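One structure below.
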Amino acid sequence: MTRYTASVVAFVLAIVTPAFAQPQGAPPDKFRQLEEILPTPNEQRTASGAPGRAYWQQRADYDIDVTLDDVKQRITGKETVTYYNQSPDPLTYLWLQLDQNLFRKDSDTALTAPAPSLERPTFETLDTLVNRDFDGGFQIAAVTDATGKPLPHTIVKTMMRIDLAAPLAPGKSVVFGVAWSYNINDAKRLGGRSGYEFFPKDGNYIYEIAQWFPRLAAYNDVSGWQHKQFLGSGEFTLEFGNYKVRITAPNDHVVGATGVLQNPQAVLTAAQLQRLEQAKTASAPVLVVTPAEAKAAEAGKATGTKTWVFHAENVRDFAFASSRKFIWDAQGHRSGTQPVLAMSYYPNEGNPLWAQYSTAAIIHTLNLYSRYSFDYPYPIAISVNGPVGGMEYPMICFNGPRPEPDGTYTARTKYALISVVIHEVGHNYFPMIVNTDERQWTWMDEGINSFLQFLAEQEWEDNYPSRRGEPKNMVEYMTAPGHDPIMTNSESVKELGNNAYGKPATALNILRETVMGRELFDFAFREYSRRWKFKRPMPADFFRTMEDASAIDLDWFWHGWFYTTDHTDLSLDDVRHFTLNTKNPETEKTLQRQQQTAAPTTLSAERYRDTPKLVEQNPALADFYNRFDPLAVTPADREEYQKVLGALTDKEKALIGSNKNFYVMRFSNVGGLVMPIILKLDYVDGTSEELRIPAEIWRRDASKVSKLVITDKVLSQVTLDPKLETADTDLSNNFFPRKPVMTRFQLFKQQQQTTPNPMQQLERKPGTDAPRPQGPGQ
Amino acid sequence: MRRWLAVVMLLTGLVPVAADAHKFYVSLTTVEHNTAEQSLEITMRLFADDLEAAVARETGKPLTHGQPGFEAAVFAVVRRALTVRQADGQPLTLAWVGLENKVDVTWVYVEAPRVPSTTGFTLRDTIFTDLFPEQVNMVHVKDARGRRAIDFRGGDSFKPF
């Protein structure tokens, strides 16, 4: 290139002086390798991001009897736990999670809650605040060893330590028992991830029961005991194990749970048994319990109890739902070789939406998530409608959206239901199977899951109104000063929805569409899912695997998107147009004359143009210079040109005559986040093309770079990020020549002023101006 | 008063956010000073269901987007919740521009004309804090002095621009 610059005459078509803003964000080297931040690889976790040869995890098997008291809204249970110490460490004590203690009046959650507004509180708010009569939290009746002898235990807020009689050696297991009870929270009034809903109309309850038994805290190679207290936001991580659970409920209840029902003959009618069998091969949901049967049950009363027995293998938790109000539908599905029953439980209040969408959304989710990760390994996938807005457990999840009492519903409710079913069923994969730790890192399951949710929504129907995934939807959050990096603990994140769901989902979508490409991303992501299926990955394992499987250095991406609060704001500062000096006087002097003609005429020159001039009136005053045209081609010019040509080889002559356009584009990084530069080049002949430059263009200077583009055709417009794929927060510096970019407010206002509403359109007389829409009264 | 507040604090934490997005109580308001037009242009991004709950409270009856009276009720809710005070303490009069509904989100547009400068301004955004104890209202301000973020929780008073 340098060879040409010497013989090139630069003529600048257009230069603006850009307003350079200093990029924010500390690290000067945005491409510095992540190793200095990530934990050192070891025998448990390799440098490639896979489980190491000495990877281990604990196991806990549960055998539980539980009774649901529909009169007092109370759970009473006893469990026998077999805990397998598969770690290399002897354990002198065990830690169990007591999540229900969140509802104790003296819980840290209650004590540290910020003061609410007391200006115009609603009656509901006041009621929640003043009538604090709920007596929540576990009452631990007994902790015993395998022989029934009491074991010393200490309750620390939402955790319980059980002191073992002798240290539990590596490779050994211990059996112990716990008996407990607790009052179930009114989830509609007090919130929560589980609880009951009361229906005053018919006097019945729906129970969604979760985080309901003392559960072994995780013990792992990274955290030791993961017993960070439960404050409400950071959900949980647990150990895998097998469950045998016997649920005793009123005998007119329908119970759905994690696991396979072991005694259908004992709890279902002959007709229901037959419908359930029929559902396994059905191509549409089959009603196991019909709306009419549910209605009839609502009007009746229980005459006793029934015990439903469920077994679940290799799950990290167990939840269930119970009500006499439940309609129950089921449809068989196959995920790889695994037969799955997709099932929904909902009251008549959930229809018509639930019958139409819940089970269909479960199956859609299994299809899509399996394609991007692994076949669904469980025999059951359940969605339940009750008081909880959206919460996931293995094989079962709780989803809130419901139509209006009159059976109509808004588009918002419909899409909220489909989206939440996809989201919560999707959680089976992350974190119920890829067992990340939400107590520590919310994004590892919520972000990854929201990303896959976006993919599932996009394949549901055209223009599905996805809330999260599109880069442009993250712009407001990413420009908010003082927001948290994604790598922030769950309980400390200020805006959990944007931070741990929206931003990582967007980041992954950008990785897939813009940085890595779909093929490389999908391969690497599937590898991550496969490596950590039924294991417990940490952030470094994800970061490392995505690189390891793709050969794309992503350290700059993880740095920028996960560890900082930089945002994307790339600026196309200017574009300069160079052409080659052909040395041909005919060409070059014509060009110079064009430039001269194109140069602006000053005001004075314009006004004096027609004024009679002295030299014109008195020719005696004219001489050579009045006739001389410096841009006329002279014989000497032609001779010189022939000499130059004579010294050139044919190849050089062809290059000179190639007529290429050289565009030097300068970019600056205003937001601090380095990102690929995506350009749309529009030519004067009406054609256009796309140029995609990887983020590595910023590797030596992350604040200013330049790029040479050589074209045959002349450019008319250059646009940075034309398809809004990088979450660029300021589009006003994305065009050259500059184009005005309106804010959302200005766009809306302009649209309001130019578009009459439908009524105005109908009544508008031809030739009159559109009337300005009237706002509501002041 | 003090004693009553202490009672309040004990219980408000009992409503943890759910695993899905639907129960995050957050609004985002952009306040941009348009120096060319000398107006303060305000865009509020609100969850549509929260807004309908506020409207129902304002009017005493359920109203949804598109029904007569909905816009006027939204304006009343917004005027009560969002106050911008000038340097002399006088509140700006907000004018209604309009709203648009995007499935689960409603965008509300209001403006204050004749604002040559925002020096000394303060504001407060209490929208939905009377309905939800965990409500957080983020306000992004853009004016001649640059870009800033201010967040409001229930009970917060006026904060400088």
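Values computed for the structure shown
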item: Meets criteria (open to solvent by less than 10 Å² (accessible area, probe 1.4 Å), within 14 Å of chain B (Cβ to nearest Cβ) and in contact (Cβ under 8 Å) with a residue 40 or more places away in the chain) for A:Gly390; result: no
item: Filtered residue count, region A:258-268, keeping only those that are open to solvent by less than 70 Å² (accessible area, probe 1.4 Å) and outside any helix (DSSP H, G or I); result: 6
item: Qualifying residue in region A:610-623 (condition: in a helix (DSSP H, G or I), under 30 Å from A:Asn499 (Cβ atoms) and open to solvent by less than 90 Å² (accessible area, probe 1.4 Å)); result: no
item: Spans of strands (runs of 3 or more DSSP E) in region B:62-161 with at least 1 residues at the interface with chain A (Cβ under 10 Å from one of its Cβ atoms) and either out of contact with any strand residue (DSSP E or B) (no Cβ under 6 Å at 6 or more places or on another chain) or of a type outside the set (Lys, Arg) (or both); result: B:95-102, B:105-112, B:136-143, B:146-153
item: Conditions (1) hydrophobic (A, V, I, L, M, F, W, C); (2) more than 14 Å from chain B (Cβ to nearest Cβ); (3) within 35 Å of the chain's Cα centre (by Cα); (4) not in a loop (DSSP other than H, G, I, E, B): number failed by A:Phe213; result: (4)
item: Residue in region B:26-36 that is at the interface with another protein chain (Cβ under 10 Å from one of its Cβ atoms), in contact (Cβ under 8 Å) with a residue 24 or more places away in the chain and open to solvent by 40 Å² or more (accessible area, probe 1.4 Å) present; result: yes
item: Condition met for A:Arg544 (surrounded by fewer than 23 Cβ atoms within 10 Å (Cβ to Cβ) and assigned to a helix (DSSP H, G or I)); result: no
item: Region A:372-387 - residue that is under 19 Å from A:Gln331 (Cβ atoms) and more than 14 Å from every other protein chain (Cβ to nearest Cβ) and, of those, most open to solvent (accessible area, probe 1.4 Å); result: A:Asp375
item: Exclusive hit being charged (D, E, K, R), open to solvent by 50 Å² or more (accessible area, probe 1.4 Å) and within 14 Å of chain B (Cβ to nearest Cβ), set A:Arg161, A:Arg189; result: A:Arg189
item: Condition met for A:Lys172 (within 30 Å of B:Thr129 (Cα to Cα) and touching a residue at least 40 places away in the same chain (Cβ under 8 Å)); result: no
item: Candidate set: region A:464-483, residues that are part of a helix (DSSP H, G or I) and without any contact (Cβ under 8 Å) to a residue 40 or more places away in the chain; chosen: the one nearest to the other protein chains (Cβ to nearest Cβ); result: A:Glu476
item: Single match in A:Arg275, A:Arg316 (criterion: open to solvent by 40 Å² or more (accessible area, probe 1.4 Å), within 24 Å of A:Ile362 (Cβ to Cβ) and out of contact with any Asp or Glu (no Cβ under 6 Å at 6 or more places or on another chain)); result: A:Arg275
item: Qualifying position, being open to solvent by 20 Å² or more (accessible area, probe 1.4 Å) and closer than 30 Å to A:Ala540 by Cα, among A:Asn242, A:Asn220; result: A:Asn242
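Per-residue answers, yes or no, for (1) in contact with a strand residue (DSSP E or B) (Cβ under 6 Å, 6 or more places away or on another chain); (2) at positive phi; (3) not polar (S, T, N, Q):
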{"site": "A:Gly259", "(1), (2), (3)": "yes, yes, yes"}
{"site": "A:Lys280", "(1), (2), (3)": "yes, no, yes"}
{"site": "A:Pro291", "(1), (2), (3)": "yes, no, yes"}
{"site": "A:Ala299", "(1), (2), (3)": "no, no, yes"}
{"site": "A:Ala302", "(1), (2), (3)": "yes, no, yes"}
{"site": "A:Thr307", "(1), (2), (3)": "yes, no, no"}
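The values are calculated or read from the model by the stated rules, or taken from the named source; none is laboratory data. Nothing here was measured: the structure is a model prediction, and the numbers come from that model. Glycine also receives a Cβ, built like all others from the backbone with ideal geometry; neighbour counts cover every protein chain displayed. Just so you know, the surface numbers come from the protein's heavy atoms only, side chains and all, with ligands and any DNA or RNA stripped out. Shrake-Rupley method; radii C 1.70, N 1.55, O 1.52, S 1.80 Å.
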